[in-house]
Amino acid sequence: MNGAADARIRAVFAGGEGLRKRALDALDVDAGGAKGDRHYGRNDARALLVVPRTDYDAIQEAGIALRDGDLGENLVVDGLPSALPAGTRLRIGDVVLEVTGDCTVCASLSVIDPRLPKLAYRRRGVYVRVRYGGPLRPGDRVRIVGEPVHPEPVPTRAAGGPPPAAPDAA
């Protein structure tokens, strides 16, 4: 995966009331997420929400005016590809993050605009686990340093894939 050669943090957010979080000069992150954030310590697999700026741009092209932070994210990143697969690792200075999955669209987005939940589908960023904590600031370089072992889901019979191979009869 070579899509983040010039990726940089555009803005960092934590705390706040409702969906929108406060813009900050820096975040201190650890396994619990962003210290001072209302979601801190709730779920280590969803410690931070990272939204590529291209996701915002796609929504704005549809006519919805958004400001960074309106989607409830902790980081907005310029130059980061959308829809990073689970298991992708990101390095920002000494901080290492691991993508755990897409952020699902929730009904709270309709408060901003009734069209937003549909437009934000698969454009709401990704949740990450903090593997190694530290400070994050706007302007910090973001690098993809590890790809998932299985970038695509392994098909299963329940998901419509082929049935498992029969054991050898010896």
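Readers should treat all values here as calculations from the given coordinates under stated rules, not as data from a laboratory. Here the structure is a predicted model, which means the values were calculated and not measured. Neighbour counts run over all protein chains shown; Cβ positions are idealised from the backbone, glycine included.
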Item to check | Pairwise FRET efficiency - residue 60 versus residue 143, Cβ, R0 = 35 Å, nearest 0.05 | outcome: 0.85
Checklist outcome for this item: Residue by residue through the range 63-77, the couplings from Karplus 6.51 cos²θ - 1.76 cosθ + 1.60 with θ = phi - 60°, in Hz, x for Gly and Pro, are x, 9, 7, 10, 10, 3, x, 5, 8, x, 7, 9, 9, 10, 10
Item to check | Using θ = phi - 60° and Karplus 6.51 cos²θ - 1.76 cosθ + 1.60, couplings along the range 9-25 (whole Hz; Gly, Pro as x) | outcome: 5, 8, 7, 10, 9, 7, x, x, 10, x, 6, 5, 10, 7, 6, 10, 6
Checklist outcome for this item: Where a ≥ b ≥ c are root eigenvalues of the Cα gyration tensor, a/c under 1.5 meaning rounded, otherwise prolate if a/b exceeds b/c and oblate otherwise, the range 40-88 counts as oblate
Checklist entry - What are the residues whose amide H is under 5 Å from the amide H of residue 77, where those residues sit 5 or more places off or on another chain and H is modelled from the backbone? => result 10, 51, 53
Checklist outcome for this item: Nearest-0.05 FRET efficiency for residue 30 and residue 122 at R0 = 30 Å, using Cβ-Cβ distance, is 0.55
Checklist entry - With a ≥ b ≥ c the root eigenvalues of the C-alpha gyration tensor of the range 1-125, is it rounded (a/c under 1.5), prolate (a/b larger than b/c) or oblate? => result oblate
Item to check | Gain on full stretching of the segment that runs from residue 94 to residue 23 - 0.36 nm per residue minus C-alpha separation | outcome: 23.4 nm
